[in-house]
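Trainee: Quick one: the structure is below, and I'll ask about it shortly.
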Amino acid sequence: MLIIPAIDLRAGRCVRLSQGRKDTARVYEGDPVEIARTFEAAGAQMLHVVDLDGAFSESNSVNRRLLRDIVAAIAVPVQFGGGLRQVEDVSRVIDLGATRVVIGTLAVESPETLKKLLRRFGSERIAVGIDAKVGRVVTSGWEKEEAIAAIEFAVQIASLGVARIVYTDVARDGMLTGPNVETTCEIARASGLKVTASGGISSLADIERLATANCGVDSVIVGKALYEGRFTLKKAMESQSDRFLQRGIF
């Protein structure tokens, strides 16, 4: 189980939201670049960086500069998402050094554009973020509910050549209530895709539940639990040291 620490950016600062709501932003002290270095020093094999301003369709130039600075400061791959609504947006962040980009709204609204991105950049560099409330896909910074169910959408994009999805149960994100293992596994099994779980991790036991589910979930994004001191990244990695997948993650 690959453990991926998250850095969520809002106006150039590291924050965490609860259930994706703007008004719940909690700012954590520290330079995001230094936080990235700290995660790398603790053994992180990948970082997950999110441009929340972009996701909310707000001005985000400072966050894009920080992406460039983070990539320059560390050696491990950076997975980046948030506000990537056009082909040019994806191309720009790849040029800035992102190893993999996560697209959500664009994938829902324009499957043809998704196919174009897959042809241009390859399935290892383009992941699809599936964010869901009560089983339904949500887009545009989690503010718009779509008609399609998350499982149905996962199956659809698998047929387009997508290799990986990042699945987030919005109701659990930032709440420290544990991940939705059951639905995450249902999506993995139904689609046959590699799945990165996101949302709700609160303890090492939560990570263990995902690691032992054996359903196609090979990685997990951890955010608030690390910032709140529930456990350290080093401890989390030690707990899963015998489960790390050496192939198929990047």
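Trainee: All but one of (1) modelled with pLDDT of 95 or more; (2) within 29 Å of residue 108 (Cβ to Cβ); (3) not basic (Lys, Arg) hold for residue 233; state the number of the condition that does not hold.
Mentor: For residue 233, the exception is condition (2).
Matching residues to (1) on the phi > 0 side of the Ramachandran plot; (2) surrounded by 16 or more Cβ atoms within 10 Å (Cβ to Cβ); (3) among the polar types (S, T, N, Q):
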site: 124; (1), (2), (3): no, no, no
site: 127; (1), (2), (3): no, yes, no
site: 132; (1), (2), (3): no, yes, no
site: 140; (1), (2), (3): yes, yes, yes
site: 153; (1), (2), (3): no, yes, no
site: 158; (1), (2), (3): no, yes, no
site: 168; (1), (2), (3): no, yes, yes
site: 196; (1), (2), (3): no, yes, yes
site: 205; (1), (2), (3): no, no, no
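Trainee: Given the conditions (1) in contact with a helix residue (DSSP H, G or I) (Cβ under 7 Å, 6 or more places away or on another chain); (2) hydrophobic (A, V, I, L, M, F, W, C); (3) modelled with pLDDT of 90 or more, and given that residue 17 satisfies all but one, which numbered condition is not satisfied?
Mentor: (3) is the only condition that residue 17 fails.
Trainee: While we're here: Of the residues 233, 226, 210, only one is touching a residue at least 60 places away in the same chain (Cβ under 8 Å), farther than 24 Å from residue 26 by Cβ and touching a Pro at 6+ places or on another chain (Cβ under 9 Å); which?
Mentor: 210
Trainee: Scan segment 76-89 residue by residue and report those that are of a type in the set (A, V, I, L, M) and either in contact with a His (Cβ under 6 Å, 6 or more places away or on another chain) or under 24 Å from residue 220 (Cβ atoms) (or both).
Mentor: Matches in segment 76-89: 76, 78, 84.
Trainee: Being touching a Ser or Thr at 6+ places or on another chain (Cβ under 9 Å) and in contact (Cβ under 8 Å) with a residue 40 or more places away in the chain is the filter here, so list the residues in segment 45-77 that pass it.
Mentor: Residues satisfying the conditions are 46, 48, 53, 55, 56, 57, 77.
Trainee: Is at least one residue of segment 33-44 under 16 Å from residue 9 (Cβ atoms), in contact (Cβ under 8 Å) with a residue 60 or more places away in the chain and part of a strand (DSSP E or B)?
Mentor: no
Trainee: Can I ask one more? So which of 190, 147 ends up being more than 23 Å from residue 84 (Cβ to Cβ) and over 17 Å from the mean Cα position of the chain (by Cα)? Lay out the reasoning, then the answer.
Mentor: Values: 147 fails: more than 23 Å from residue 84 (Cβ to Cβ).
After ruling out the rest, the residue left standing is 190.
Trainee: How many residues are farther than 18 Å from residue 146 by Cβ, hydrophobic (A, V, I, L, M, F, W, C) and outside any helix (DSSP H, G or I) if we restrict to segment 89-130?
Mentor: 5
Trainee: Do any strands (runs of 3 or more DSSP E) lying entirely in segment 140-227 carry at least 3 residues that are under 13 Å from residue 3 (Cα atoms) and at pLDDT 95 or above, and which ones are they?
Mentor: Working: elements: 144-149, 164-169, 194-198, 217-222.
Here the list reads 194-198, 217-222.
The values are calculated or read from the model by the stated rules, or taken from the named source; none is laboratory data. As the structure is a computational prediction, the values presented were derived from the model and not from experiment. Every residue, glycine as well, gets a Cβ built from its backbone with ideal geometry; the counts of neighbours run over all protein chains shown.
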